[in-house]
């Protein structure tokens, strides 16, 4: 009977009965030889290969053509092909080893146990021209004109243990004596072989089994999770593969059970072709080796409701994996942040330096949609990352002479729920200020779901202003001690005296601040202000050569502005070294005061004596 026919979804109530009956009768058959096939079967130029094709003949096939060669009793072979290869085989087995060369090359094989058989070279079973074996048949040198490809049989030791085979090749293809000592050649490859008396059971080994999340059901899991978060209305899939002790697909049939920790999620087994489930527990009978039986589908139990759940998957009672999945709900709120002031040019011009988040989006603000659980939600139809249209608009009551428009371009919409791509969790919006219109206004924007028509609103304070025209400058303190951090704030104003916008750069500057060292960069022609029209510069008090205490004047000159209407700004500040700052004048003044005090005391004492 096929697996498809046997597959049967049952309710949670029936799990105990079925486990005690039909499913408990499932037993794992003994492993067959050669449960491998994970790397190239053909022998490759310059590499030591192990023949690992499925062998049903009961005998090895020694052939320099790797695709025809067959080992016997091979249970596992890793995918590597250099000096750190691993394999597992039975004590009664034999491995066929080989390599390919573009020209006739001398090759040596050395094993630490068992015995080496007759080598072959060229194509088919043509014997090599020359060969030389050690007395214990554990090393052999093979060479000759037919040795462009060579292969040899290694009869494995009869005692279980760990053994190695090492291969070398000569640097002189024409001279067989260059391998008079095998290790005179260049190292070709090393295989460490674990020899066992019996094969491990064919059942699944949890440590060797894998699961990964994806936005589609696939026949085998990926090496990493697609995501733990999925869009509203979409499906999350957990793809699994159960492997045996030799990391190959487990073929034993059994009871697959998937359980959700939350009743807000429903599960089904069978991949994209199977409908969404109806309950938080689902059971199927299958093999879970990479087909439909190995895919768990997760959906929202209630449309539009966010859900976070941990799904646990077991096979015949063994926990194979657990995955925590979040499926976002419908939009419940709209948050606006990092709003800039905008140029009064009637164009809605933006500057990529405002967000500066690496996405190169030149917007005036971030917009984040959230579901009722506070999770980020993507715009669009909620079943894909971006549908190429926008669902954002400005409330008609917010359209005035000051703020004339608002947009979110389709290319500026949020496209990712991944925590590794945070900037793309946010959409980027722009608003337009009317020409020569200055002022502040509260603006309401709307998100209208294309799927449900639901409208969600959010507000922000829009500020419209002209470009920088004049400026002022001041320090955060009047006096500093060496080693402190000083902050210089420059405030920019447009031609009407309002704080300048945060779109148009303020231009290059020249700043002379004696006895201080700038931490933040200055003089950049592309610098823009904060939303309030200011730029803050930080510096440490002192220089690399030291500092002299005293009172200083700094000069701040934004050359493009002072060339038109602005005035260079002077900032005065006092610096001290933090040690004893007493001057000679201070000492003299103290002495004079002390003498005056003593004289007064003497005069008072004289008057007291005369009275007596």
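The values are calculated or read from the model by the stated rules, or taken from the named source; none is laboratory data. All figures in this text were calculated on a predicted structure; none of them were measured in a lab. Heads up, the Cβs are rebuilt from the backbone with ideal geometry, glycines too, and the neighbour counts pull from every protein chain shown.
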Next on the checklist: Given the options 322, 302, name the one that is without any contact (Cβ under 8 Å) to a residue 60 or more places away in the chain, within 28 Å of residue 372 (Cα to Cα) and not in a loop (DSSP other than H, G, I, E, B).
Outcome noted: 322
Next on the checklist: Quick check on my filter: what residues within the range 300-322 are under 21 Å from residue 229 (Cα atoms) and surrounded by fewer than 21 Cβ atoms within 10 Å (Cβ to Cβ)?
Outcome noted: 301, 302, 303, 304, 305, 308, 310, 312, 321, 322
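Matching residues to (1) within 15 Å of residue 475 (Cβ to Cβ); (2) free of Cβ contacts under 8 Å to residues at least 60 places away in the same chain; (3) buried (at least 19 other Cβ atoms within 10 Å of the Cβ):
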| residue | (1), (2), (3) |
| --- | --- |
| 519 | yes, yes, no |
| 525 | no, yes, no |
| 530 | no, yes, no |
| 535 | yes, yes, yes |
| 540 | yes, yes, no |
| 545 | no, yes, no |
| 548 | no, yes, no |
| 556 | yes, no, yes |
Item to check | Criterion: under 50 Å from the mean Cα position of the chain (by Cα), modelled with pLDDT under 95 and under 23 Å from residue 520 (Cα atoms) - qualifying residue of 572, 544, 540, 559 | outcome: 544
Checklist entry - With (1) over 24 Å from residue 341 (Cβ atoms); (2) assigned to a loop (DSSP other than H, G, I, E, B) as the list, and residue 501 as the residue in question, which single condition is left unmet? => result (1)
Next on the checklist: Checking residue 474 against (1) in contact with a strand residue (DSSP E or B) (Cβ under 9 Å, 6 or more places away or on another chain); (2) more than 21 Å from residue 390 (Cα to Cα); (3) without any contact (Cβ under 8 Å) to a residue 12 or more places away in the chain, only one condition comes out false. Which one?
Outcome noted: (3)
Next on the checklist: Exactly one condition in (1) assigned by TED's automatic domain parsing to the domain that holds residue 455; (2) touching a strand residue (DSSP E or B) at 6+ places or on another chain (Cβ under 6 Å) is false for residue 343; which is it?
Outcome noted: (2)
Checklist entry - Any idea which residue in the range 53-69 is surrounded by the fewest Cβ atoms within 10 Å (Cβ to Cβ), counting only those that are without any contact (Cβ under 8 Å) to a residue 60 or more places away in the chain, touching a strand residue (DSSP E or B) at 6+ places or on another chain (Cβ under 6 Å) and more than 14 Å from residue 150 (Cα to Cα)? => result 53
Checklist entry - Restricting the search to the range 458-471, which residues are closer than 14 Å to residue 532 by Cβ and either crowded, with 19+ Cβ neighbours inside 10 Å or without any contact (Cβ under 8 Å) to a residue 40 or more places away in the chain (or both)? => result 462, 463, 464, 465, 468, 471
Next on the checklist: Checking the conditions here, which among 270, 234, 279 is crowded, with 22+ Cβ neighbours inside 10 Å and not assigned by TED's automatic domain parsing to the domain that holds residue 75?
Outcome noted: 270
